[in-house]
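Working notes, beginning with the structure itself.
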Amino acid sequence: MRTTIADIARMAGVSKATVSRVLNARPDVDPATQQRVQQIMADTGYVPSSHAVDLARGRTRALGVLTPDLRTPWLAELLHGAAETMQTVGYTLSLHPAGDGTGWDRFASRAAAQSFDGILAVCPADTTAELEQLSERGVPVVVVDAGSGSGLPSVATDHADGGRRAAEHLLLAGRLKLAMITGPADHEAVAECAAGFGDRLADTGAVLRASCVTEADGTEQGGYDAAQRLLRARLFFDGLFVHGDAMAAGALRALREAGRSVPGEVAVIGFDDLPLAAFTHPTLTTVRVPWPELGGAAARLLLDLIGGAAAPRQPVRLATSLVVRGTTPQVARIPGQRSRRATGRPALPRT
C-alpha cells in the first residue's frame, strides 16, 4: 500500500500541515522536526504526488475561464489554442459563461474560494472592475481581446489594423460606396475596428454614410437581418464590410435573395476567418484573426504570471491578415494579404 502524507504525519507525531510545510521547505518548521519528517520519508520511500504538492503549495492546476456566450462563433477556436497550451503543463480549464447575468456571481464565488490558480477573461466588457479587484488581491488575471481600455495584463487582436486592411482591399477593388455591419456596440473592439476602417477611407473619395452602418448581434441571423435592413432602405452600396464571418454568411444570403451578385455588384469582406468562411457561396474574403494563437498567447502569459513573472506594461497584440477568396474581385496583392482562391488542385505550369 502506498504511503500517504497522513501516514508520514502519524509516524512523525505531527500534523499533515507540518508535513506539507516540510515538503515545501518552509522556514517556519523546527529543524529537529524537519529532520525527523525527512528521515521518515526516506525510510518509507515516500514520494509525494504532484497533486499533493500542488495542494500543499496552494495550487489547484485549474484555470477559470470567464467567457461570453458559448455560442460566440470564434470562441471555440480561441479556447482550443488555450487548452492545447495548458494541457502540456497539466492544467485544466473551467468554463464560466457570463452572458446569462448570473454567471459572474458563480464565477466570483469560486475565485474567492481560491478554486483557480489564475483567470482568463474573454471580452470581459461588464466585469473589468471586478477582475481588477481580484488582481489586486493577488489572483493572476489575463484578459483576452478586450480592446485597449483595460489596465489588466491582456492579449488582443489589432482590430483597428484589421479594419484598415478591409478598407484598403475594397478601395483597391474600386468600391467607393460602402456599407458596414458592426458587432454589438458595447464591445470596445467593435469601435476600434470601425475606427480603423474609417481612418483608411479618409480623403479617398469613398463614402460611408451613417445610414449605411448598422449593428448586428454576431450571428448568421443577425447578419441576415442587418443586410435586409440596408437593402429595404434602398441604399446603394458596392462594398460591404461585416465585423464577423457568421454575420457575413447571413449577409451573403440576404444579398443573394435580393438578386445582388457578389462580387460583381457588391464586394463583401468578413472578419475572423472562421472555418465556415471557406464554405460560403461565394467563399468569403475576410480579415483573419489568429484565434488559436491568441488563446495560446494568453495562456502562456497567464502561466508566466502564476509563476511569479511581472505583468507586461503593454498589451500583447497579434496582427491580422487579409485572406482573399471569392466575395471580392482580384486586385493587386498588398502586404499581409493571403490568397485562398485555389480549389485544392495544384497550379498547372504555363506553356
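The values are calculated or read from the model by the stated rules, or taken from the named source; none is laboratory data. Note that the structure is predicted; figures quoted are calculated from it, not measured. To get the accessible areas, we keep the full protein, side chains included, count just its heavy atoms, and leave off ligands, DNA and RNA. Shrake-Rupley method; radii C 1.70, N 1.55, O 1.52, S 1.80 Å.
Here are some notes:
- Shape analysis of the range 3-46 places it in the prolate category; the axes a ≥ b ≥ c from the Cα gyration tensor give an a/c of at least 1.5, with a/b above b/c.
- Three-way shape call for the range 141-207 based on the alpha-carbon gyration tensor, with the a/c threshold at 1.5: prolate
- Across Glu192, Glu265, the residue with the most accessible area heads the list, and the full order at a 1.4 Å probe is Glu265, Glu192.
- Solvent-accessible area of the range 164-322 (1.4 angstrom probe, protein heavy atoms only): carbon and sulfur portion equals 52 percent.
- For the range 206-312, the per residue solvent-accessible surface stands at 40 Å², with DNA, RNA and ligands left out and a 1.4 Å probe.
- For Leu274, nonlocal amide neighbours, meaning residues 5 or more places apart or on other chains whose placed amide H falls under 5 Å from its own, are Asp245.
- Relative to the current alpha-carbon distance between Asp69 and Ala310, full extension at 0.36 nm per residue lengthens the span by 83.7 nm.
- Rolled with a 1.4 Å probe across the full set of protein chains, the surface gives Lys177 an accessible area near 80 Å².
- Entry note, the range 206-264: relative contact order of 38 percent, from Cα contacts under 8 Å with a spacing of 6+ residues.
- Val65 - accessible surface, heavy atoms, 1.4 Å probe, Å² rounded to 10: 0
- Probe 1.4 Å, all protein chains present, accessible-area order of Asp117, Asp203, largest first: Asp203, Asp117
- Carbon and sulfur %, accessible surface of the range 5-48 computed with the full protein complex present, 1.4 Å: 51
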